[in-house]
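As structure tokens, the structure follows; a few thoughts come after it.
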Amino acid sequence: MQYKVVVLSGDGIGPEVMAEALKVLRAVGKKRMLDFDFKEGLIGGIAIDTHDTALPEETLSLCRDSDAVLLGSIGGPKWDSLPPEERPELGGLLAIRKSLKLFANIRPVKIYKEVKDLCPLAPSQVARGIDILTVRELSGGIYFGKPKKVDSHTGMDTMIYSAEEVEKIARVGFEAAMNRRKKLTSVDKANVLHTSILWRRTVEKVAKEYPEVSVNHMYVDNAAMQLILDPSQFDVILTGNLFGDILSDESAALAGSLGMLPSASLGAEINLFEPSGGSAPDIAGKGIANPIAQILSAAMMLEFSFKDLKSANDIYAAVEKVIASGLRTADLAGGKGHAVSTSAMGDAVAAAIS
Ligand code: IPM
Ligand code: MN
């Protein structure tokens, strides 16, 4: 089987962790006889430096012509002073999400038992279990609503959702819940926001198609609190773009390190896979970043885009094995014991595949 994969390493730690993900994919490829055709493209700050735009047209056509996109991370202090629309975030990441119609972002959070001490919650709370899937609407809401502007007097953003957009993301949430513990918490701010009133009505409507899934609605402020008080109550969290951005970082913190968390951004034609964390400019170039989020994002690509659960499970199992063996990058070492480099972690996961 040949898979055409576009590799967009981006900025900061992106290239370092991407190299490890490709190493692991090659190891799985060898074992399962998969033939990956990796094509590199530019996005983010590096694209601004070389092509004067955070998302060159070449990159988009490369993506449209491929089976899946693997993204590292974008942005850094070097480009922060550019006008908002030109920065790596808006001009690169948000632009590629919109252009490729990536409407659903799936962010799983689970705790590996060997590193559960990194979870900031009390051991008794951790013992009840933390296994949460955030399903975040990714190409609408306040991130994209128009008009938006900023001048010296006013800043303005617009939040809009159509019933159609909500329905689409709700279905992704309910389908995910059906494959899990069949519980879905829809998060909104329906006591204040009109978009949320529509959100709640629409989720209620879609829920009728999934009678096996138990549904509850939660205001976002309460959800932020409940995640800390008792994360075991959550299975699938279904929410909009902005709330999903915030809550997925919060749930990520429960896993102890953002460096462990992958994500999948699903579209109608093509999917993109990237770590939940960012470009971490403070540690970029030092060879100490944790590559596991990127490696697991590659596994999600095998699972979601290529429907190859066997190969995906090879990677999930290899990561578990390496964590269980005690190997730790700095973020996981918690100041104790020896921390290994990005490439040593990648080598170990690749070795655990075969
Ligand atoms: C994320 C990131 C992005 C977002 C930023 C970098 C634009 O935080 O993927 O969660 O806000 O969506
Ligand atoms: Mn975020």
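Against the definition (open to solvent by 70 Å² or more (accessible area, probe 1.4 Å), within 30 Å of Val319 (Cα to Cα), in a helix (DSSP H, G or I) and assigned by TED's automatic domain parsing to the domain that holds Glu303), how does Lys98 come out, yes or no? Break it down into steps so the answer makes sense when it comes.
On the way: open to solvent by 70 Å² or more (accessible area, probe 1.4 Å): yes; within 30 Å of Val319 (Cα to Cα): no; in a helix (DSSP H, G or I): yes; assigned by TED's automatic domain parsing to the domain that holds Glu303: yes.
Taking the combined requirement at face value, the residue does not satisfy it.
Has region 271-289 got any residue that is farther than 20 Å from Lys110 by Cβ, among the aromatic types (Phe, Trp, Tyr) and at pLDDT 95 or above?
Looking only at region 271-289, we keep the residues that are farther than 20 Å from Lys110 by Cβ, and these are 271-272, 278-289.
Now restrict to residues that are among the aromatic types (Phe, Trp, Tyr): none.
No: zero hits.
Can you tell me which residue is farthest from the chain's Cα centre (by Cα) among those in region 282-293 that are away from ligand 2 (no atom under 16 Å from the Cβ) and crowded, with 24+ Cβ neighbours inside 10 Å? Give the steps one after another, and end with the answer.
We begin by selecting, within region 282-293, every residue away from ligand 2 (no atom under 16 Å from the Cβ); these are 282-292.
Those still in the list that are crowded, with 24+ Cβ neighbours inside 10 Å too: 289-292.
On the way: Ala289: 17, Asn290: 15, Pro291: 14, Ile292: 12 Å.
Applying the filter and picking the extreme gives Ala289.
Being of a type in the set (A, V, I, L, M), touching a helix residue (DSSP H, G or I) at 6+ places or on another chain (Cβ under 8 Å) and either within 16 Å of ligand 2 (Cβ to nearest atom) or closer than 25 Å to Ser305 by Cβ (or both) is true for just one of Ala104, Ala95. Which residue is that? Give the steps one after another, and end with the answer.
Numbers: Ala95 fails: touching a helix residue (DSSP H, G or I) at 6+ places or on another chain (Cβ under 8 Å).
Every option except Ala104 fails the conditions.
Could you say whether any residue in region 58-71 is within 13 Å of ligand 1 (Cβ to nearest atom), within 28 Å of Asp151 (Cβ to Cβ) and not basic (Lys, Arg)?
The answer is no; no qualifying residue exists.
Return only the number of the condition from (1) among the aliphatic types (A, V, I, L, M); (2) within 16 Å of ligand 2 (Cβ to nearest atom); (3) within 29 Å of Ser152 (Cα to Cα) that Leu82 does not satisfy.
So the condition that Leu82 fails would be (2).
Would you confirm, using the coordinates I've provided, whether Ser279 is within 15 Å of ligand 2 (Cβ to nearest atom), touching a residue at least 24 places away in the same chain (Cβ under 8 Å), in the same structural domain as Ala312 (by TED's automatic domain parsing) and open to solvent by less than 30 Å² (accessible area, probe 1.4 Å)?
Working: within 15 Å of ligand 2 (Cβ to nearest atom): yes; touching a residue at least 24 places away in the same chain (Cβ under 8 Å): yes; in the same structural domain as Ala312 (by TED's automatic domain parsing): yes; open to solvent by less than 30 Å² (accessible area, probe 1.4 Å): yes.
Yes: the conditions hold for Ser279.
Could you grab me the full set of residues in region 1-15 that are among the hydroxyl-bearing types (Ser, Thr, Tyr) and either buried (at least 20 other Cβ atoms within 10 Å of the Cβ) or within 12 Å of Ala289 (Cβ to Cβ) (or both)? Show your work before the answer.
Initially, region 1-15 is screened for residues among the hydroxyl-bearing types (Ser, Thr, Tyr), giving 3, 9.
The answer is Ser9, and nothing else.
Only residues that are surrounded by fewer than 19 Cβ atoms within 10 Å (Cβ to Cβ), over 30 Å from Gly346 (Cα atoms), among the small types (Gly, Ala, Ser) and in contact with a strand residue (DSSP E or B) (Cβ under 8 Å, 6 or more places away or on another chain): list them for region 218-267, please.
Within region 218-267, no residue meets the criteria.
May I ask you to list the residues in region 171-217 that are aliphatic (A, V, I, L, M), surrounded by 15 or more Cβ atoms within 10 Å (Cβ to Cβ) and under 21 Å from the mean Cα position of the chain (by Cα)?
Correct list: Val172, Ala176, Ala177, Leu184, Val187.
Say we look at region 134-164 and pick out the residues that are away from ligand 1 (no atom under 16 Å from the Cβ) and of a type in the set (Lys, Arg); which of these is nearest to Asp188 (Cα to Cα)?
So, considering only residues that are away from ligand 1 (no atom under 16 Å from the Cβ) and of a type in the set (Lys, Arg), the one nearest to Asp188 (Cα to Cα) is Lys146.
State yes or no: is Glu167 more than 16 Å from ligand 1 (Cβ to nearest atom), at pLDDT 95 or above, farther than 21 Å from Tyr112 by Cβ and surrounded by fewer than 15 Cβ atoms within 10 Å (Cβ to Cβ)?
On the way: more than 16 Å from ligand 1 (Cβ to nearest atom): yes; at pLDDT 95 or above: yes; farther than 21 Å from Tyr112 by Cβ: yes; surrounded by fewer than 15 Cβ atoms within 10 Å (Cβ to Cβ): yes.
Answer is yes for this residue.
Please state which of the following conditions Asn271 fails to meet, knowing it meets all the rest: (1) within 16 Å of ligand 2 (Cβ to nearest atom); (2) at negative phi; (3) surrounded by 19 or more Cβ atoms within 10 Å (Cβ to Cβ).
Result: Asn271 passes all but (1).
The values are calculated or read from the model by the stated rules, or taken from the named source; none is laboratory data. Keep in mind that this is a model prediction, so the values were computed, not measured. Here the Cβ is made from the backbone with ideal geometry for all residues, glycine too, and neighbour counts use every protein chain on show. Just so you know, the surface numbers come from the protein's heavy atoms only, side chains and all, with ligands and any DNA or RNA stripped out. Shrake-Rupley method; radii C 1.70, N 1.55, O 1.52, S 1.80 Å.
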